[in-house]
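**Q** Pasting a structure below so you can have a look.
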C-alpha cells in the first residue's frame, strides 16, 4: 500500500460512519523528532497514533493543551460503547475500568482492549531438529541448558545461543533466563513491592551464568552488534540452536531457514528453573487493556476545528461489537467469511497467492488493524502450529511479578523519575554488557549495585511504589 487510506478496513469504516480519515506520516526513522517538532510548533494532527512518550508524561500532554481529555465526553454520554465495555463486560469489567483511566479517574487515551485474553507472545525457542539429531531432550533446568548448549557447540561447531539485551524480544521483555534467578532487567512487582531487578542477588547469578556461557563459546559472540534484522537473519541462517523470540517472527524465520535446511524446525520451551521446586514468576505478559504502545490520543486541534464531538462518536464505534470485529477481521466478504458452524475463514486473495509467498503478518495491514485503540479479538490472526504450541507452553508459567502496564504518575513524579532513571538505565545497559563479555569482573557486582543506589534509586523506588499503591486502589 502507499498508505492506510488504501486499507479495506478504513474504506469500510468510512462507508459505515461517513467519516473520512486522512493520514500523516513522520519521515522513516524520525518519528520521535517529528513528534517533538509538532508539539513545539503546535502543528498538531487530530489524532496521534501510538506516539513516542510525551515529555513529562501523558497527563502533562493534557495540561499543555496538546492531548484532549475525554472525561467530559464520556460523562455527556458520547462514548456509550466505551462505557458499556468498562462497566458491563461479563469477564473483565473491573480490570478494564481500572486500566482505562488514571489515578484521578480521568480518561484521556483510547486503548487497545483484548476482549479475548491476550496470550504470551514472546519467550524461549529451541531447534528441535538439532535436539533429535543430537539425542537431547527439551531442557527444563539451567543445568539442562548448559549441557544442551555445550553439545550443540561441540557437534555443530557454532556458538548456539542467540541473546539480545536492549531490544524488546530479549531479556528486557521476555525475562530471558533472568527470571530463572528471580530477578529482572527493570522494575518488577515482587510480592506486592516494586523492586529494581538489577540490584537483586539473582541478577548477579544471571550475570555469572551469562558470563560463563559467553566465555565457553555458547553465546553468539557478535550479539552486542546485532539489530533486529541481523538477529533474526542469524537464527534463520542455521547458526543458532536456541534463542528468544516473539511468535510473530517465527514464521518468516522457519520459511527462510528451511530454504537453507529443509529440516529446520523450532519449538517454544519453558523458562528453565535454577533450583528444585522453583516456580517461575516472570514471563512476557499483557493485561486485557494493552500498554502505552497501543494507545491513541486525541488532540486539542479537534476542538479548534469543531470536530471533537464527531471524532469521539466515531472512535467510540471502534469499541462496539461491530466496530471491534471490523478492526479485528476486516470487512466481511473481503478478508473473511463466516461459516455455518459459527467459525470463520480468511479469504483475502493475496493470502493465497503462492507466487507472492507472503504470509498473513505481512498482508494484514491491507484489511485489518493491529496497534491502534479498539475492541480487539486477539485470536483473529493466522497462527502456525508452532505459535499455538508456544502460547500453550509459555502460559504454563506464572507472570505474578510482572509490573502492571497502567501505572500513572503526576507530571512532577514523571519528571523526577525520568531524571533519575535515564542515568540508571544507561549505566545498567553498559555494565550488564561488560559483565557478560568479561570486560568487568563479576566480583564488582556489589559496586555496581552501590553505584545504582547512589544515583537516587531509593527515591525512584518510592515513586514507583506510591504509583503501584494508587493503581491498586483504583475503583468505582
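**Q** Please work out which one of (1) in contact with a helix residue (DSSP H, G or I) (Cβ under 6 Å, 6 or more places away or on another chain); (2) surrounded by 19 or more Cβ atoms within 10 Å (Cβ to Cβ); (3) outside any loop (DSSP other than H, G, I, E, B) is the condition residue 423 fails and give its number.
**A** In the conditions (1) in contact with a helix residue (DSSP H, G or I) (Cβ under 6 Å, 6 or more places away or on another chain); (2) surrounded by 19 or more Cβ atoms within 10 Å (Cβ to Cβ); (3) outside any loop (DSSP other than H, G, I, E, B), residue 423 misses (2) alone.
**Q** Can I ask one more? Restricting to the stretch 143-164, what's the tally of residues that are touching a residue at least 12 places away in the same chain (Cβ under 8 Å) and in a loop (DSSP other than H, G, I, E, B)?
**A** Within the stretch 143-164, residues that are touching a residue at least 12 places away in the same chain (Cβ under 8 Å) and in a loop (DSSP other than H, G, I, E, B) number 5.
**Q** Does residue 126 count as at pLDDT 95 or above and buried (at least 18 other Cβ atoms within 10 Å of the Cβ)? Working first, answer last.
**A** Numbers: at pLDDT 95 or above: yes; buried (at least 18 other Cβ atoms within 10 Å of the Cβ): yes.
Here the answer is yes, as residue 126 does meet what is asked.
**Q** Among (1) surrounded by fewer than 20 Cβ atoms within 10 Å (Cβ to Cβ); (2) in contact with a helix residue (DSSP H, G or I) (Cβ under 8 Å, 6 or more places away or on another chain); (3) in a loop (DSSP other than H, G, I, E, B), where does residue 398 come up short?
**A** (2)
**Q** Let me ask something else. Taking into account only those residues within the stretch 15-24 that are in a loop (DSSP other than H, G, I, E, B) and out of contact with any helix residue (DSSP H, G or I) (no Cβ under 8 Å at 6 or more places or on another chain), which is farthest from residue 312 (Cα to Cα)?
**A** Ranking the candidates gives 24 first.
**Q** Shifting gears a bit: Mind listing whichever residues of the stretch 298-356 are at pLDDT 95 or above, in a helix (DSSP H, G or I) and either over 23 Å from residue 372 (Cα atoms) or not assigned by TED's automatic domain parsing to the domain that holds residue 58 (or both)?
**A** Within the stretch 298-356, just 304 meets the criteria.
**Q** Which condition breaks for residue 383 when tested against (1) surrounded by fewer than 19 Cβ atoms within 10 Å (Cβ to Cβ); (2) modelled with pLDDT of 95 or more?
**A** Only one criterion in (1) surrounded by fewer than 19 Cβ atoms within 10 Å (Cβ to Cβ); (2) modelled with pLDDT of 95 or more is unmet by residue 383, namely (2).
**Q** Go through (1) in the same structural domain as residue 86 (by TED's automatic domain parsing); (2) at pLDDT 95 or above; (3) touching a strand residue (DSSP E or B) at 6+ places or on another chain (Cβ under 8 Å) and name the single condition residue 280 misses.
**A** (1)
**Q** Additional query: Taking residue 79 as the residue in question, decide whether it is touching a strand residue (DSSP E or B) at 6+ places or on another chain (Cβ under 8 Å) and surrounded by 13 or more Cβ atoms within 10 Å (Cβ to Cβ).
**A** In short, no.
**Q** Does the stretch 365-384 contain at least one residue that is closer than 29 Å to residue 124 by Cα, in contact (Cβ under 8 Å) with a residue 12 or more places away in the chain and assigned to a helix (DSSP H, G or I)?
**A** Yes, the stretch 365-384 contains a residue that is closer than 29 Å to residue 124 by Cα, in contact (Cβ under 8 Å) with a residue 12 or more places away in the chain and assigned to a helix (DSSP H, G or I).
**Q** Working only within the stretch 25-49, note down all residues that are in a loop (DSSP other than H, G, I, E, B) and exposed (fewer than 14 other Cβ atoms within 10 Å of the Cβ). Quick ask: steps written out before the conclusion?
**A** Going through the stretch 25-49, the residues in a loop (DSSP other than H, G, I, E, B) turn out to be 25-30, 42-46.
Hits for the stretch 25-49 are 25, 27, 28, 29, 30, 42, 43.
**Q** Condition test on residue 210, is it assigned to a loop (DSSP other than H, G, I, E, B) and closer than 21 Å to residue 278 by Cα?
**A** Numbers: assigned to a loop (DSSP other than H, G, I, E, B): no; closer than 21 Å to residue 278 by Cα: yes.
No; evaluated as a whole, the condition is false for this residue.
**Q** Next question. Of the residues that make up the stretch 1-14, is at least one over 20 Å from residue 323 (Cβ atoms), modelled with pLDDT under 95 and in contact with a helix residue (DSSP H, G or I) (Cβ under 8 Å, 6 or more places away or on another chain)?
**A** Yes; the residues of the stretch 1-14 include at least one that is over 20 Å from residue 323 (Cβ atoms), modelled with pLDDT under 95 and in contact with a helix residue (DSSP H, G or I) (Cβ under 8 Å, 6 or more places away or on another chain).
The values are calculated or read from the model by the stated rules, or taken from the named source; none is laboratory data. Since we're looking at a predicted model, the values are computed, not measured. Quick reminder, even Gly has a Cβ in these numbers, built from the backbone with ideal geometry, and neighbours come from all protein chains shown.
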